[in-house]
Amino acid sequence: MTVSAARRAFHFAAAQHEADSSTRLTPELLVKRGVVNLRDLEKVAPNLSIQSVNGTGTMNFYLRGMGMRDFTQNNVPSVMPYLDDVAFPIATFMSGMMFDLAGVEVTPGPVGFTHGLADTGGEVNLHTADPTRTWHGGASEDIASYARSRTNFFVSGPLAHNLFFRLAGQMNEGGAWQYSPSHGRYQGAANEGALRAKLQWLPDEKTDIMVTGHWMDDESETTLVRPVANFQPNEPYPILPYKQANWSMAPDFAKLIGRPANLVPSEHNMMWGATLRMSRDLGFARLTSISSYNSGRIAEYTDQDGTTWHAGDSYRNINGDLFSQEVQLKSRGGDAPLQWVVGMYYNRTNMNQSWFYDQSDTNKYLTGTSYLQKQQTFSQYAHVSYRLPGRVTLFAGINHESDDRHIQNVATSYYYPDGTTSVARFAPQGALGNQVTFETGAQWQALSNLMFYFKISKGFKPGGFTANTTQVQDQLAPFKPETDLGYEVGFKSDIIPNRFRLNGALFYYDYHDQQYLSVVALPVGILAHYVNIPKSYTYGVEFNAELHPLDHVYIMQNFGYMRGEYQVFQALNKTATTAQHAATGIWSGIYSDYAGADAGMPKLTLNGSADYRLPVWGKYEWETGVDWMYRSQQQLAPRSYGAYCLPPYFQLGAHTTFRPANDRWSVTVYASNLLNRQYFESGAITTTTYFWIPGPPRFVGGRFGINF
């Protein structure tokens, strides 16, 4: 018997024969590129934007131009996040889980045909590491500029011959790089800890039972926003240097929200959950059941105007729970020409949210809106593929999803300086979405190292509610579901096996009833409201290249380019509507035609890395490299310029690592934003200002890790 082995330069060889354009990431790459939270995934995937809500840990996802800016987080995201195949419609509940990972997949386009829930923009799936059959463990300590510290550990092994466990955790502290002149202190320090435990039981050779529990506590300070447009020129604010920012906290507001008077913009979050995964080999197929329950309390204080005025101070409370149940039957795989999967997914969400707002320097009162929202979704899916002679495979999938949601007990309270309070209560509202979506296509394995595919797919995302400061009943009118019809053609190739891999895709999405945060004219004035854009489109191209041109050189490059336009879109003209009100005293909407306007996503995204690995003395390895990321200008509002466009930016990082060949320990020195560029990650509007959220300056750090 002869046994031979070769170290492959590239990962995910089996995925090279799958008809998709997913970006698959190894845990080693995530560590090397400094991907420590969800937003960092922008560094390693094309056409992906993950933007913070007002500088907090709450994120909005955009993939290939499809996404929704949801600052109240009470609606389904257009790009669904998953943790170990469990969907998180409240994306914030998945915060703090980017540790001890087995890998990450970013899948663009309509989804829901092989697992989980339907969606229009795609999904981001985090896979955490499972228990091991032998004892393993490890720990790392990462210390960087601005007193930032990141600690990770795991231990894994057998408790009995058929019982295995894994315990992992992380703690993040420090890193405050913004300075507030008005408070004389630094702002933005992390204070976050998380634990995850897994217990795996194999009662027999056909059955696998896994119980997972996780907990996370986050008391981190948030990033302060930077005002870039002042809507009150009679109240000027100072233009501060890049790393400086301000905020305000009025004593009355602190008393109203029940927090200390010296509270700084920060998180006060705790999330926990448990998942039971059971699978059984039935011979002809594998039956899998995934039951999950997650609960969380989110409390976020932000100053949205970024000044010492009391004009945009916001405090949000979310108490919610998620329950989901999936049952799936899947063919065993192998070389059989027929492959199939059928399943059902149920999801239920309960959310109590309250939103407090301090505009006492402008409106002379404080407000607080509270509500209860209940939602449940039932989805059924099936997918089948069949391999024909000539290396051609046909595939098709279908999904039926029904979403039922209700918002009730909506009340807005007004708190006046004289101590009086008035309360406005509103009638409940409901929204029901019911849609069948599909996927169909073909792939051709032209050569053993070259595959082409084409697919057409339809996506669906339920409607929902505008749930910010509610002033009139009309604000609670539900917006409609959105759908998209996508066309994608692509190829996957290992042009020179183990030396040069190139994958690419062309895509076009016909978007209907896109959900968009806009404004409407109501009897009390112009108010924020989600609207549906009747028709728009997005198209583009993606490439992923991996090169191993020389024995010690490894290069990766992602390229993403896309364009999007609104085809049918009538939006409120705030300036004309306000002028008409000044002349007539009546709020009546005047609309502008935005047909042909840019859809407002970065057109060009580039990210990649180049590494040099060299054996040293036969027992060690030295690796050094650089990584980079570029994002072009992003238009934040249709046909707008100046403050309403995020400037383009380029980021450069570097690292060097020394470790033994057995990987028992490693020492790394690294730098992020090596050129110390000033850049901005996202932007939004509040009552008195338009603001941008700045990105971190240069961080230089060192990391030491041990494994056993």
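Couple of notes before you dig in:
- Among the listed pairs Lys492/Lys603; Lys330/Lys374; Lys330/Lys461; Lys32/Lys603, those beyond 28 Å (Cα-Cα): Lys330/Lys374
- The label point for His11 and the one for Arg297, both projected 7 Å from the Cα toward the Cβ, are 3.7 nm apart.
- Those chymotrypsin sites (Phe, Trp or Tyr not before Pro) in the range 462-518 that DSSP places in a loop and that have at most 10 other beta carbons within 10 Å: none
- Rounded FRET efficiency, nearest 0.05, which uses the C-beta distance separating Ala545 from Gln567 and R0 of 30 Å: 0.35
- Length gained when the stretch Tyr487-Lys206 is fully extended (0.36 nm per residue, less Cα-Cα span): 97.2 nm
- Computed label-point distance, nm, for sites Lys374 and Phe438 using a 7 Å Cα→Cβ extension: 3.6 nm
- Centre separation in Å (Cα based) which lies between the range 168-232 and the range 573-627: 24 Å
- Spacing of the modelled spin labels on Val616 and Asn662, each 7 Å from Cα toward Cβ, amounts to 1.8 nm.
- For the range 160-288, size of Cβ-based charge dipole, Lys and Arg +1, Asp and Glu -1, in debye: 180 debye
- Accessible surface of the chain, 1.4 Å probe, proportion on carbon and sulfur as whole %: 59 percent
- Extension gain, Leu447 back to Phe708 (0.36 nm per residue minus Cα-Cα distance, nm): 89.8 nm
- Where only C-alpha atoms are counted, convex hull volume of the range 89-140 per residue in Å³: 111 Å³
- For the range 491-518 and the range 652-708, distance of Cα centres in Å: 27 Å
- Whole-Å semi-axes of the range 640-708's equivalent ellipsoid (Cα gyration tensor): 39, 12, 9
- D (Stokes-Einstein, µm²/s), Kirkwood Cα radius, the range 541-673, 0.890 mPa s at 25 °C: 127 µm²/s
- Taking every alpha-carbon pair within the range 110-181, the share separated by more than 15 Å comes to 71 percent.
- For the range 612-708, size of Cβ-based charge dipole, Lys and Arg +1, Asp and Glu -1, in debye: 40 debye
- Using the average count of surrounding beta-carbon atoms within 10 Å as a protection proxy, the listed peptides 674-682, 412-420 rank, highest first, as 674-682, 412-420.
- Once the C-beta distance of Asp335 and Phe231 is scaled by a Förster radius of 60 Å, the resulting FRET efficiency is 0.40 to the nearest 0.05.
- Largest to smallest accessible area among Ile209, Ile90 [probe 1.4 Å]: Ile209, Ile90
- Looking at the range 62-149, the accessible area is 23 square angstrom per residue; that uses a 1.4 Å probe and ignores ligands, DNA and RNA.
- Within the straight-line cut-off of under 12 Å between alpha carbons, the aspartates and glutamates reachable from Lys206 are Asp281, sequence neighbours fewer than 8 places apart in one chain being disregarded.
- Based on alpha-carbon atoms, the Kirkwood radius and the radius of gyration of the chain give Rg/Rh equal to 0.96.
The values are calculated or read from the model by the stated rules, or taken from the named source; none is laboratory data. Treat the numbers as computed from the prediction; the structure is a model and nothing was measured. Every residue, glycine among them, receives a Cβ derived from its backbone with ideal geometry; neighbour counts consider all protein chains shown. Just the protein is used for accessible areas: all its heavy atoms, side chains included, with ligands, DNA and RNA removed. Shrake-Rupley method; radii C 1.70, N 1.55, O 1.52, S 1.80 Å.
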